[in-house]
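Taken together, the values in this text are just the output of simple stated rules run on the coordinates, not laboratory data. Note that the structure is a prediction, hence the values are computed from the model and not measured. Because the Cβ atoms are built from the backbone with ideal geometry, glycine has one as well, and the counts that use them run over all protein chains shown.
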Amino acid sequence: MDPLQEPIPAPEFSWQPRPKFQSRIWLHVLLFALTVASTTFVGALHYAAFQADYLPGRAETGPLVPFFIRGLWYSATIIGILGCHELGHYFACRYYDVDASLPFFIPFPFLSISGTLGAVIRIREPIPRKHMLFDIGIAGPIAGFLVAVPAMFIGVALSHVAVVPPDFVGQNLGEPLLFKIAAHLIWGAVPDGYSINMHPMAFAAWFGLLATVWNLFPAGQLDGGHLSYALLGRRSTWVTLATLVAAAALSYYSIVWMGLTIMMTIMLFTFGPRHPPVIDEDAPLDRVRIWLAVFALAIFVLSFSASPISDITGR
């Protein structure tokens, strides 16, 4: 090297980490607005059916504005339950600095008794440790359930007992244990030939419980799958396969479980039967989290119905 020539400095490279928790706000707002519209429309139909007391000829929509306002009984409740569920996951991700999106609400206004297919968040990076996975997985079901419980009791109180016509044709909603408890405490024993005509708020709570049960099935990337892996490690793979068989067997009782079976089968072939690993896979969970897992099981039991939806064809 020429002693009079200064050395050329090496180029400097500065690596900037990818910003976390970045979301396309416009897309989340748009999907939220569409879901509010679809659930309000479906909720207004539920309110008209509620007023008809199992007599379709009595169903009246009335003026357009009051018709849609009545739909908010259902819409506000179901969006509150689903939103709190997903925000539970989201804020747990924020707490552990695990990159995640805001909730995506999914509108579904046509051929639907719910007006929505639920809501999801997207977790955009691996969850490194077992306690983080457990906390993120359980935060959603607990948050949604804490909203669904008072909504169920208020909704059942707003309902009333009505005569079911012998020739009534419609759909029967399976009663989870929580609904039975609320109905017994508020209405007591319902005579034969009568039924509790569910207020739209009670129906929204019922649907919220169904969504909670769906998520708590211990399989794959569902919330229950995260909890199962956090508790059992690699052995949770066998739980996933057993859950798939159980969901297929439940499909005999209701088409709802057929949808769950199809979804879990797609997850199985897309991601494989094994849960993505964490660093401390063999580390045991502490006692508090074990009790929280028991609480999640209690939520599942209180919210479960073997036949959520069945047809009534008249007598």
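Before moving on, here are some points about what is shown:
- Per residue, the convex hull spanned by the Cα atoms of the stretch 241-288 measures out at 113 cubic angstrom.
- Computing FRET efficiency as 1/(1 + (r/R0)^6) for Ala242 and Ser112, where r is the C-beta to C-beta distance and R0 is 30 Å, gives about 0.50.
- In the stretch 187-294, inverting the average of 1/r over every pair of distinct C-alpha atoms gives 16.0 Å as the Kirkwood radius.
- Computed over Cα pairs, the Kirkwood radius of the stretch 103-257 leads via Stokes-Einstein (1.306 mPa s, 10 °C) to a diffusion coefficient of 89 µm² per second.
- Computed FRET value (nearest 0.05) for Leu30 with Asp192, which takes r as the C-beta separation and R₀ as 35 Å: 0.10
- Karplus 3J(HN,Hα) series, Hz, for the stretch 180-188 with 6.51 cos²θ - 1.76 cosθ + 1.60 (x for Gly, Pro): 4, 5, 4, 5, 5, 5, 8, 10, x
- Estimated FRET transfer efficiency (Ile290, Glu125; beta-carbon r; R0 30 Å; 0.05): 0.65
- Simple rule: put +1 on each Lys or Arg Cβ and -1 on each Asp or Glu Cβ in the chain, find the dipole, and look at Tyr90, Val147, Ala202; the Cα lying farthest toward the positive end is Ala202.
- Built amide H within the under 5 Å cut-off of Asn172, gap 5+: Ser310, Asp311, Ile312
- Close amide H contacts of Asn197 (hydrogens built in the peptide plane, cut-off under 5 Å, sequence separation of 5 or more or a different chain): His160, Val161, Ala162.
- Crossing angle, helix 130-158 versus the chain [Cα axis fit, 0-90 degrees, rounded to tens]: 20 degrees
- Shape call, the stretch 49-178: gyration tensor on alpha carbons, a/c limit 1.5: prolate
- In degrees, nearest ten, helix 223-232 long axis to first principal axis of the chain (Cα): 60 degrees
- The chain - charge dipole about Cα centre, Lys and Arg +1 at Cβ, Asp and Glu -1, debye rounded to 20: 360 debye
- Cβ charges +1 (Lys, Arg) and -1 (Asp, Glu), total dipole of the stretch 247-315, debye: 260 debye
- Counting only alpha carbon atoms, the long axis of helix 255-271 and the longest principal axis of the chain meet at about 10°.
- Dividing the summed -39500 (n - 2.57) terms of all DSSP H runs of n ≥ 4 by the residue count of the chain sets its mean residue ellipticity at 222 nm at -19000 deg cm²/dmol.
- The modelled label-to-label distance between Thr265 and Asp167, using points 7 Å beyond Cα along the C-beta direction, is 4.0 nm.
- Taking amide H atoms as placed 1.01 Å from N in the peptide plane, the amide H of Gly118 lies under 5 Å from those of Ile106, each 5 or more residues away in sequence or on another chain.
- Debye equation applied to the C-alpha atoms of the chain, log10 I(q)/I(0) at 0.13, 0.15 Å⁻¹: -0.99, -1.26
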